[in-house]
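The values are calculated or read from the model by the stated rules, or taken from the named source; none is laboratory data. Quantities reported herein were computed from a predicted structural model and do not represent experimental measurements. Just so you know, the surface numbers come from the protein's heavy atoms only, side chains and all, with ligands and any DNA or RNA stripped out. Shrake-Rupley method; radii C 1.70, N 1.55, O 1.52, S 1.80 Å.
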Amino acid sequence: MKKKYQNGFFIFGLVVLAVMVSQLDFAEVWRGLTHAGYWFFAVVALWAVLYLFNTASWWMIIRQGGGHLKGASDFFWLYKITVSAFALNYATPGGLMGGEPYRIMSLSPKIGAERASSSVILFVMTHIFSHFWFWLLSCVLFIVLKPVDFFLGMLLLAAFAFCVLGIWFFMSGYRKGLAVRAMNVLRHIPYVKRWAEPFVESHREQLDTIDRQIAALHQQNRRTFVSVVLTELACRVCSALEVYFVLRVLMPSANFLDCILILAFTSLFANMLFFMPLQLGGREGGFLMSVTRLGMTATEGIFVALIVRLRELVWTGIGLLLIKFDRNREE
C-alpha cells in the first residue's frame, strides 16, 4: 500500500480514537481498572489469541482462492493487517467502511485487486454468517437453560426468525455471489446511487469475477468453507471468556454458559446500532439488558461494559500503531 494511503488510514483512526477517549470518565475508568486488577490484562491478552482465529479464517480463504501466501511470515503479516482492520472498523461509523478497504489495499499488491476483493468480501460474509449462527444457537441455549415467560418467548422467537432469515440470505449469497447484488442495492439509495450506477457499469466484469470466486469456495471447496465457518464460530464462543474473566472479579461462581448468553444478546443489540463508532451506547445498553435478564445487577452489567470498552480502545490503539509498521508498503 502506498505510504500516503497508509498515513490517511492512520490519521483518520487516530483522530476518532482521540475523540472517543475524550468521552471517558477517567475517575470511573481508574476505579474499574483497579477493581479488575490482573483480569483486565487477561482480557487484553485473550484478544491476541482471538485475532488468530480471524486471521486463520482469512488465510484459508486466500489460499483456496489461489492467493500465493505461504509461511509463518506471511501469516503474521496477515495477522497484523487483521488487527489493524478491526481497529479501523471499531473507529468507523457504520463499520466495514475503514477496515475492509484497508484489507483490500494491503493485500492487492500480493495477489491482485480482484482476488483481494473477493477474499475480503468472503471473509466479511463468513464473519457475519457465523454471528447469525451464534445468535441462533444462543436462542436455543437460552430456552434450554432459563425460564421463559410469554414476552421473553416472543422476543426469542423474533430473534430466532431474524437469524434464520440472515442465514438464508448469506447462503444465497454464497451460491450466487454478493458483490453485484450489493452494488445493485446501492444503486437505489438516494445520493449514493449517483456514484454507484457509473461504478457498476464500468466495473461489471470485475464484479462478476469477484462473485464467481465467492461462489467457487462454497461450491468447490466445501471442506474449506465449513472449516472457515467453524473457525469463526469457535472464535465467537471463545470470546465469551472475556465476559467470564470480568465477571470473575464480581462473582467467583460465574457460569461460562451464562457468559455466552450475555455476549450473544449484547452483540445482537449492539449490531443493531452498527452506525455508531465503537457502537457507543449500544454495547453498554446490551450488557445492561443481558445481565439483568439473567438475574444479575445493573452494576455488574455496567462494570462488564466498561472493561470491554477499555479493551476495545486498547486494541484500537494497537491496531492503529501497527498500520505504521508495514514493511510491504509502496513508497
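Structure data summary
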item	result
Residue-wise HN-Hα coupling along region 50-60, computed from phi with Karplus coefficients 6.51, -1.76, 1.60 (Hz; x: Gly, Pro)	4, 5, 5, 4, 4, 5, 4, 4, 5, 4, 5
Area accessible to solvent at ARG63, 1.4 Å probe radius, in Å²	110 Å²
